[in-house]
1. State all residues of segment 344-376 that are of a type outside the set (A, V, I, L, M), open to solvent by 20 Å² or more (accessible area, probe 1.4 Å) and in contact with a Lys or Arg (Cβ under 9 Å, 6 or more places away or on another chain); if no residue qualifies, say none.
2. For the list (1) at pLDDT 95 or above; (2) hydrophobic (A, V, I, L, M, F, W, C); (3) open to solvent by 40 Å² or more (accessible area, probe 1.4 Å), I need the number of the one condition that Leu278 fails.
3. Any residue in segment 429-443 that is of a type in the set (S, T, N, Q), crowded, with 22+ Cβ neighbours inside 10 Å and under 20 Å from Asn510 (Cα atoms)?
4. So which residues in segment 197-211 are out of contact with any Gly (no Cβ under 6 Å at 6 or more places or on another chain) and either buried (at least 23 other Cβ atoms within 10 Å of the Cβ) or in a loop (DSSP other than H, G, I, E, B) (or both), if there are any at all?
5. For Val218, indicate whether it is closer than 21 Å to Thr155 by Cα, out of contact with any helix residue (DSSP H, G or I) (no Cβ under 6 Å at 6 or more places or on another chain) and of a type in the set (A, V, I, L, M).
6. Quickly run through segment 134-146 and pick out the residues that are farther than 11 Å from Val193 by Cβ and in a helix (DSSP H, G or I).
7. Kindly indicate whether Thr184 is open to solvent by 10 Å² or more (accessible area, probe 1.4 Å) and among the β-branched types (Val, Ile, Thr).
8. Within segment 147-163, which residues are assigned to a loop (DSSP other than H, G, I, E, B), crowded, with 17+ Cβ neighbours inside 10 Å and not small (Gly, Ala, Ser)?
Amino acid sequence: MSNQGLNESEAKTRRAVIGGAALAGAGAAAMLTPNTAAASASLDTVTVDTSGMGIGDTLVYKGTTSPQVKPEITEYVWVKTATGNAATDRQNILDAIAEARSTKRAVHLRRGNYKVDATIAPTVTAGDPSIVIRGFGDDSVIFTDDANIRILHFTGADGLTLESFKVKGPNSVRAQQTGIRVTTSADVTIRDVTVFGSCGSGINLQSCTRSRVLDCRVIESWSDGIGVYGSTGANSSDIIISGNFVHRAGDDAISVVRYVDTITNTNLNSASYNAHHLRVQIIGNNIRDGGANGIHVVGGRQVQVHSNVIDGTRAVGILVDRDSQVGGNYPGSSPAFKGTSASQIVQVHGNIVRRAGRVVCPGDPDASSITNALLVPNAQTQHPVNRFGIYVSDGTINSQHAWLRTEDVTVVDNQVHEPVGRGVVIRGRSNGTVVGNAVRDAVATGFDVAGDASISIEGLVFSRNRAYNCHGNGVLIQYAKNGVVEGNVALNNSVASTGGFDNFRFEFVNSITVRDNHSIDDRPTKQIDKTYEFGGTSDGITLAGNRERAGSQTLGYSGTVTNVHQAEMVVYTGSTVPSGSVYAIGQLALENGAQTKLRVKAASSWVAVTLT
């Protein structure tokens, strides 16, 4: 049947993939231009317009083809009117799918509530015409009362398009249900679909390639809202998740997870384990009041997390890590380890994270200590969680295997407001880049950046970040070397006023340049301890151009700190000269005491010269 009789609102433009037009809703900032040429074995490039974000990145699709623009389908097979009988409605949908494929047409749902008594899972044979199902938005509903039914499940369905209808579960208990599950399929588009009340995950892509979830709404799922999954030897690649709204997911709102099977110390380097989900874009999504993490990337490589808004989570707003224990223990132990590859080459850019950690679940052990907590009944009820804004977790369990280390993650131009715990936490082994972020009103430290005692963060770049009104330290950097900390601002931190918190604190750092930073406490009663403090065993620190308006001391030292070089004169108050162990010979210091004195560091002491 032709759609010529439909009015404009009913037969609105339907796009199988993005064809150079702006994404609707929150994803409008991401412009994609697919390659519409014939398939080839060469690399195709899809440029992502990130204007205004200062990035200018390129996503490269690998494989035999880029996303293809599919022609508009103007002929439909209409599903019979919903009867309310679960067996009849399910069979009518399957019959319409079979007829549409045999005549190379699309399936169109009528307005109404189609009840199903089992999973709709059409049999697909390689080379069959693609399945296309469309409806009248939320007026076309496929639903079930059975918590264990995967409502729609497609396997090997290349070219699948699902658009403009609603899938509804019973919203009653956490179970094995999925609203929509697609496995081992290519060129899939799920667009403008609502999934409500699934007792498991909402939309689930398992080992898919060149596929997109666009402008969908996933509400009150009892597990992940939108998930990209895979297992040993079956990763997903070239996935776009954009413009979606995920509200009150019971687990992670958007999850990119690649699990592997049993790992031992003898098979850690096999190709099937050393694999990741590849080239995943999570752009311009809106997440609210999630039951675990807002966005969780674990076992992903070349992943872009850009321009998302996350407001309310039980755990971390954006978490990038590897899952160190899933159903087992570490390699070489018994039972055997199961888990994920590490996450590598991940961009976390231009996101807004608010109220991370404010959501609580029934029986949550932290509920009584959280101000303005929000109870979400379907939220995760598992172990206590980290309640951070952004968390890049190292996840290393065996340092000899590089693929088990979280590396090459950049955290740029994000805003984190009111997290219950720390604002931005970085745990990594190399190439830490934290630039242009702002943390405000964290209930702990604003920025916590650290390697560990065995291997420091190498080549840390920490610049143009801002920490305001955090309860702990403004900036804490530990176990970093050969890096630079420049142009940052720390303002009125140590809000809890429990003592010992600094605007900038450094511990166990080596060969670090700290320059052009500004430490401020302009409150009537000063609450920070030090403006800049260095502790632990630290060596080779260069200080230049830093400013302060706060604290009991401009600089403080604890532990063993050696080879500190000041590129500018130090101004201090009182008769106590700076510590003789941390300044180079020839260093100048200006004392503002009873009389102004200029001192110069000699071999073993400071020599004072009275100024006239």
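The values are calculated or read from the model by the stated rules, or taken from the named source; none is laboratory data. All values derive from a computational prediction rather than experimental measurement. Please note: Cβ atoms are built from the backbone with ideal geometry, for glycine as well, and neighbour counts cover all protein chains shown. Accessible surface areas use protein heavy atoms only, side chains included; no ligands, DNA or RNA. Shrake-Rupley method; radii C 1.70, N 1.55, O 1.52, S 1.80 Å.
1. Arg358, Asp366, Thr371, Asn372
2. (1)
3. No, that holds for no residue.
4. Passing the criteria: Gly200, Ile203, Leu205, Cys208, Thr209, Arg210, Ser211.
5. On the way: closer than 21 Å to Thr155 by Cα: no; out of contact with any helix residue (DSSP H, G or I) (no Cβ under 6 Å at 6 or more places or on another chain): yes; of a type in the set (A, V, I, L, M): yes.
Answer is no for this residue.
6. Scanning segment 134-146 gives a single hit, Asp139.
7. Working: open to solvent by 10 Å² or more (accessible area, probe 1.4 Å): yes; among the β-branched types (Val, Ile, Thr): yes.
Against the criterion (open to solvent by 10 Å² or more (accessible area, probe 1.4 Å) and among the β-branched types (Val, Ile, Thr)), Thr184 qualifies.
8. Of the residues in segment 147-163, the ones assigned to a loop (DSSP other than H, G, I, E, B) are 147-151, 156-160.
Then keep just the ones that are crowded, with 17+ Cβ neighbours inside 10 Å; that gives 147, 149-151, 157-160.
Answer for segment 147-163, where residues must be assigned to a loop (DSSP other than H, G, I, E, B), crowded, with 17+ Cβ neighbours inside 10 Å and not small (Gly, Ala, Ser): Ile149, Arg150, Ile151, Asp158, Leu160.
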